[in-house]
Amino acid sequence: MSRSKNLAIKYLAAAILFFGVMTLSGLLSAAYYINPQLLFGVLPFNIAKILHIDTMIIWLLMGFMGAVYWFLPEEFEREPVGIWAAEILFWIFAAAVLVVAAIFLFVQWGPATQTTLWLFQQGRKYVEAPRWAAIGVALVMLVFAWNVIGTAIKAGRITGIMAVMSVNMVPLVLLYLIAFPLIDNMAVDLYWWWWLVHLWVEATWEILIGCIMALAVMKLLDTSRRIVEGWLYIEVALVLGTGILGLGHHYFWIGTPDYWLGIGGFFSALEPLPLLGMVVHAIYDAGVHHMKTTNRPAFYWTLAEAFGNFLGAGVFGFMITLPQLNLFAHGTQWTVSHGHFAFWGAYACGVISICYIALQERRRLVTVNGAGWVWAFVLLNGGLIGMVGALLVAGMAQAFFERAIGGSTLEAFIAGQENPWFVLGMYNRFGFAVMFTVGYLALVWNLLALGRRETTVLIQPAPAE
Amino acid sequence: MQYEDPNFWRAGAVSTTVVMAVVLIMLTIDSLGAISPGGSHVPPYTVINRHIEYAYDNKFGRDMPVIGKDEPLFGTPVNETDAAALIARGKLVIQSRACIDCHTFMGNGAYYAPDLTKAWLDPAWEAWIAITGAESKEEAMTRFLMKPDYYATWQRKMPNLGISRDEAVATVAYLKWLSSIDTNGFPIHFGRIQVNK
Amino acid sequence: MTPSMFIFTSLSLGFMVLAAGAYALLYGAARFKCSRVLLFLASLAYAMLALDAVIVLLTTPLDPAWKLLIAASALAYLGIPPVTWRYLQRTHRDEGAHI
């Protein structure tokens, strides 16, 4: 197997490992809402949350990288340029993530100095990791970009999918530089921070997962390159056409001019349209192959990606995107409901699909099926939908009682948090989080056990009469 | 047919992306002017020397910050340089303690603890002046930040984050400045209850 | 916007997009199975979307510009499944995998 594919397996394995850290820290974060005395003075909520959201970014990034390293040698018909650097950096990356996690757990915070920002804690959401680690991440991504773009240059030719991916690498890497500065003015800080977060998860990441899913669909369903490339270009046009100015839906309330209410609301309201197109495409692909494939889990996780993206980002996003409504829902558990569903549907399902595709080839399996993947699929998706539903109820209660009626003071906040519907939502969310955690364990078990007990059946032709 | 040709859609993807990116850059240049201190939506840091309120404005049809008479923090006005230094320190406190991973600022962050956009204007501080034995709101806030677990607000306590007096004063200054930003009416009718009709 | 109206409007808009998804799913199934029953159900799903949009237009306090956007979106959702389907059929035609 090629060095790039071997590296891909490592990245996918690390992704699944950090998926587990995300799940456990999420379970802990959920527990605080039920028992606020939990680990008080030992491990505060914000540290559990930092671990949860940062490992989410890390495991998805590692999943994307694993997927790309998996398909690179096939797309370019050669080992990627600079693979040796990527191999070394993988171990450094993984080790750095563990060190940062340990710093978050055992150091947690520091005094208000630049030293704290450099060594322990930067305290900006999703990019809390200290600057030394952020430099490491930037380096890993630069080498990743070099592996893709450098190989295209060396090969002297490029497929449409890899061209899109290569061009997309540039803003993907450059945007990460926003993780570094200390900006005194919160309005300016959040302005640029949203360039990083939104133009990652609602633009460059969408393009990246679009490229990955294009490669996956070619592999799973034997769809022609011409078809997937045409579709990819349509996706890029629609996703970036709506998403670049859809960034404005984060600029309603941070001190920016009020023209953002109109611009952000308008483009953001258009964002579900391409997602509906993707649903139609998924149905078409499923039907045209009569739901038949040699890799059922990969296929079903790809379908889950299309539907989850539409529901989580499209339906749940549309509920709260118009500024007149966002005014009430902003900064509540309603946002959390949408965020969990959107990230799961748009990215997590896709990465899990790639794990199954890679393992089929790695373990030389003719078919991939069985009860194991079904358990993981049902428990993970069921758990996620349950959490999202519970958060929706809690979020609606919070938006109604704290914001719409209460006036958003401390007293209103407490009233919202103690509202019976909110509390019910928190308990249900925790219950479904447990279900999700069991689903994660089932996924790990299935990925480890896949094909280990498979017997190869030789079909002998009948002897001639 | 033209629309079956991937190259048609590739041209569409490139042109759409370029046009949208150019518009975003133009709007960014305009917005950065508005959100810089002294811009149309963000007062200069020396606003911490003034009284700040939040009231409904009939002309704009929404809540707006109102900058009033002189009311310096701790009775001592600060010049531009010192105000900027306080704000810079306050932001360092907020980042070094990862406040945004429990609280929200202008609705962004985590949802375990209250939104801090208008925390300076929260009516609850009246009670905390008495509870902390302080002479002023800013003193009460400072004492709270230094020992939040001692002056707990409710069952979900804020942990002690080792915030020194200097750091607490800077954070209070930051929150006062933050409350003066024109956030297009968020949070709606802060401090006033609306009956659901 | 009263608190209740905000909840009602948010849920209505979410329902609108959800109905669009149901319409797309049933439309696709109808085309595959060549089923009039499924096509009827798809039409029913779209009818619910349209009814929901009309209720939003008539009862919510959104400004006219936003109501125009909702109406235009509702029309766009009508066209997306058949247009996308036609595109997919035409592009797959040459691959010998058409429905």
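Dipole size of the stretch C:3-93 about its Cα centre, with +1 on Lys/Arg Cβ and -1 on Asp/Glu Cβ: approximately 600 debye, rounded to the nearest 20.
Counted by Cβ distance under 14 Å from C:LEU26, the other residues give a net charge of +3, where Lys and Arg count +1 and Asp and Glu count -1. When only alpha carbons are used to place a centre, the stretch A:147-174 and the stretch A:242-313 end up 24 Å from one another.
Spatially, the stretch B:144-194 and the stretch A:30-62 are offset by 22 Å when compared through their Cα centroids. Averaged over peptide B:156-169, the number of partner chain Cβ atoms lying within 10 Å of each residue's Cβ comes to 3. Distant-in-sequence amide contacts of B:ASP57, defined by a placed amide H-H separation under 5 Å and a gap of 5 or more residues or a different chain, comprise B:ARG62, B:ASP63, B:MET64.
Note on B:ASP166 and B:THR76: with the Förster distance fixed at 22 Å, the Cβ-Cβ geometry gives a FRET efficiency of about 0.95.
Electrostatic tally near A:LEU60: other residues with Cβ closer than 13 Å to its Cβ, Lys and Arg +1, Asp and Glu -1, net -3. Take each peptide in A:218-230, A:9-21, count the other Cβ atoms within 10 Å of every residue, and average; sorted highest first, the result is A:9-21, A:218-230.
Sorted on the mean count of surrounding Cβ atoms within 10 Å across their residues, most packed first, peptides A:83-93, A:345-355, A:50-60 read A:345-355, A:50-60, A:83-93.
For chain A, the relative contact order comes to 13 percent (Cα pairs under 8 Å, sequence separation of at least 6). Counts of other chain beta carbons within 10 angstrom of each beta carbon in peptide A:108-116 average 6.
Reported to the nearest whole Å, the Cα centre-to-centre distance from the stretch A:358-393 to the stretch B:1-41 is 37. GNM on chain B, alpha-carbon springs under 10 angstrom: the most fluctuating residue among B:VAL14, B:VAL23, B:VAL93 is B:VAL14. Averaging the sequence gap over all C-alpha pairs within less than 8 Å and six or more residues apart, then dividing by the number of residues, gives the stretch C:3-93 a relative contact order of 31 percent. Couplings for the stretch B:63-77, taken from phi via the Karplus curve 6.51 cos²θ - 1.76 cosθ + 1.60 with θ = phi - 60°, read 6, 9, x, 10, 9, x, 6, 4, 7, x, 5, 6, x, 10, x Hz in order; Gly and Pro are left as x. A simple packing score, the average count of other Cβ atoms within 10 Å per residue, orders the peptides B:74-86, A:157-169 as A:157-169, B:74-86, with the highest score first.
Calculated from the alpha-carbon coordinates, chain A shows an Rg and a Dmax of 22.5, 90 Å respectively.
Among the trypsin sites (Lys or Arg not before Pro) in the stretch A:324-387, those placed in a DSSP loop whose Cβ has at most 15 other Cβ atoms within 10 Å are A:ARG363, A:ARG364.
Between the beta carbons of B:GLN194 and A:GLU87, assuming R0 = 41 Å, the FRET efficiency works out to 0.10 to the nearest 0.05. Helix content alone sets the calculated 222 nm mean residue ellipticity of chain B: runs of n ≥ 4 DSSP H residues at -39500 (n - 2.57) each, divided across all residues, give -13500 deg cm²/dmol. Rounded to the nearest 500 deg cm²/dmol, what is the calculated helix-only ellipticity per residue at 222 nm for chain A, with -39500 (n - 2.57) per DSSP H run of length n ≥ 4? -24500 deg cm²/dmol, from helical runs alone. Note down the net charge around B:ASN160, summing +1 for each Lys or Arg and -1 for each Asp or Glu among other residues with Cβ under 15 Å from its Cβ. Local charge sum for B:ASN160: +4. Remark: for residue pairs A:LYS154/A:LYS292; B:LYS59/B:LYS91; A:LYS49/C:LYS67; A:LYS10/A:LYS49; B:LYS69/B:LYS147, the C-alpha separation exceeds 29 Å in A:LYS154/A:LYS292; B:LYS59/B:LYS91; A:LYS49/C:LYS67; B:LYS69/B:LYS147. From a point 7 Å beyond the Cα of A:GLU79 in the direction of its Cβ, which residues of the stretch A:1-42 have a backbone N at a distance under 12 Å? Only A:1-7 fall inside the zone, counting backbone N under 12 Å. What is the stretch A:49-192's relative contact order, in percent, from Cα pairs under 8 angstrom and six or more apart in sequence? Dividing the mean separation by the residue count of the stretch A:49-192 yields 26 percent.
Every read-out reported here was derived from the displayed coordinates using simple, explicitly stated rules and does not represent laboratory data. These numbers were taken from a predicted model, which means no experiment stands behind them. Note that we place each Cβ from the backbone using ideal geometry, even for glycine, and neighbour counts take in every protein chain shown.
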